Amino acid sequence: MSPQTLVAFVAFVGLGSVALYAVFGGADFGGGVWDMIASGPRRDQQRELIEHAVGPVWETNHVWLIFLVVLLFTCFPPAFAALATGLFAPLSFALVGIILRGAAYAFRASASFDAGLSDFWGHVFGIASIITPFFFGTAVGGLTVGNYAWNSPFALGTGVLAVLLCAQIAAIFLTLETAERALREDFRRRAIGSTVALAVMGAILLTLARVTSPETFAALTRPEARAGIAIAMLLGLLVLALLFARRLLAARLVVMLEAFAVLAGWYAEQAPYIIPGTLTYQAAAAPPVTLEAFLWLTAAGGALLVPSLLLLFRVFKSESQAP
């Protein structure tokens, strides 16, 4: 296998791990968002549903983030060093959010005897669930703009887009976590609202790119990136149609494809650079022998990991009832 093919395969595996974390980790973060803003006569039931859905599996979804970090420092060490330095602030804030979220989730469960204390940790859990995807989004935005400008208008807008994407995915996933019609309708309406908000934010983000970063806008309107964005928009419309038709299982599958399309559009906008204007995937890659060993080990690990995760979800999600 040629070095160029090896690099392409590893880059594809990396994009896949990002997509899996965006979908499954994003669903967990979005669940925290809906937990914080739960409202109406079924507020407590909504929070109980979120806890039931997130509780058994929320830690497992970080495996995709860990895998991505290992992939970067093993297969693209110069890029890992540059990203860890240039995006140190937003990545640190995101990690603080992950730590706070886990601690708050555990402390809230232990503080059930005190309503005030339980509410406090519930708010921490919700805020941390916003902090993490927001700062991961600003890191992606800063990388896209260049010069690691994670606090630029475009990057901040990307952070908001990431939070909305997590909220959308979570709301759609939660519609299938209960057999109670009223609760399902609560989250179906939230899914519709977050899908519309996501579309609006996407339009705002393109406008921000055009006004504040013409180079970024030009990259986003390249044919390859434009195709990814167009597919994501069409899938978003299909998600809306399925939600209105109450085809919830189909909506879950399509929203996963929508997240993949968003990331594919971003990848196409960046290619062939892993760090725009600085390092290409080829230039940052480790020696071919390292890449080949990594791919073989990934295949072997996946043969153990994927069935284990499927078993975990089957065991802990067996009580969930689809419509």
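The values are calculated or read from the model by the stated rules, or taken from the named source; none is laboratory data. Treat the numbers as computed from the prediction; the structure is a model and nothing was measured. Glycine gets a Cβ as well: all are built from the backbone with ideal geometry, and neighbour counts include every protein chain shown.
Kindly provide the set of residues from segment 104-142 that are free of Cβ contacts under 8 Å to residues at least 12 places away in the same chain, part of a helix (DSSP H, G or I) and more than 15 Å from residue 54 (Cβ to Cβ), ordered by number.
110, 115, 116, 117, 118, 119, 120 - these are the residues of segment 104-142 that are free of Cβ contacts under 8 Å to residues at least 12 places away in the same chain, part of a helix (DSSP H, G or I) and more than 15 Å from residue 54 (Cβ to Cβ).
Just to be sure I understand the filter: pairs with C-beta atoms under 8 Å, separated by 6 or more residues or on different chains, first member in segment 70-88 and outside any helix (DSSP H, G or I), second member of a type outside the set (A, V, I, L, M). Which pairs pass?
Pairs found: 76/281; 87/142; 87/148; 87/150.
Restricting to segment 1-38, name every residue that is in a loop (DSSP other than H, G, I, E, B), free of Cβ contacts under 8 Å to residues at least 60 places away in the same chain and closer than 15 Å to residue 174 by Cβ. Step through it out loud before you land on a result.
Filtering segment 1-38 down to residues in a loop (DSSP other than H, G, I, E, B) leaves 1-2, 37-38.
Now narrow it down to the ones that are free of Cβ contacts under 8 Å to residues at least 60 places away in the same chain: 2, 38.
Matches in segment 1-38: 38 only.
Would you kindly identify the helices (runs of 4 or more DSSP H) lying entirely within segment 188-301 that contain at least 3 residues that are of a type in the set (D, E, K, R)?
Working: elements: 214-220, 223-244, 248-270, 281-284.
Fully inside segment 188-301 and qualifying: 248-270.
Within segment 180-219, which residues are of a type in the set (Phe, Trp, Tyr) and under 26 Å from residue 276 (Cβ atoms)? Walk me through it before giving the result.
Residues of segment 180-219 of a type in the set (Phe, Trp, Tyr): 187, 217.
217, the sole residue that qualifies.
So residue 53 passes all but one of these: (1) assigned to a helix (DSSP H, G or I); (2) modelled with pLDDT under 85; (3) under 21 Å from residue 169 (Cβ atoms); (4) out of contact with any Phe, Trp or Tyr (no Cβ under 8 Å at 6 or more places or on another chain). Which condition number does it fail?
(4)
Please count how many residues of segment 257-294 are surrounded by 21 or more Cβ atoms within 10 Å (Cβ to Cβ) and among the hydroxyl-bearing types (Ser, Thr, Tyr).
Within segment 257-294, residues that are surrounded by 21 or more Cβ atoms within 10 Å (Cβ to Cβ) and among the hydroxyl-bearing types (Ser, Thr, Tyr) number 1.
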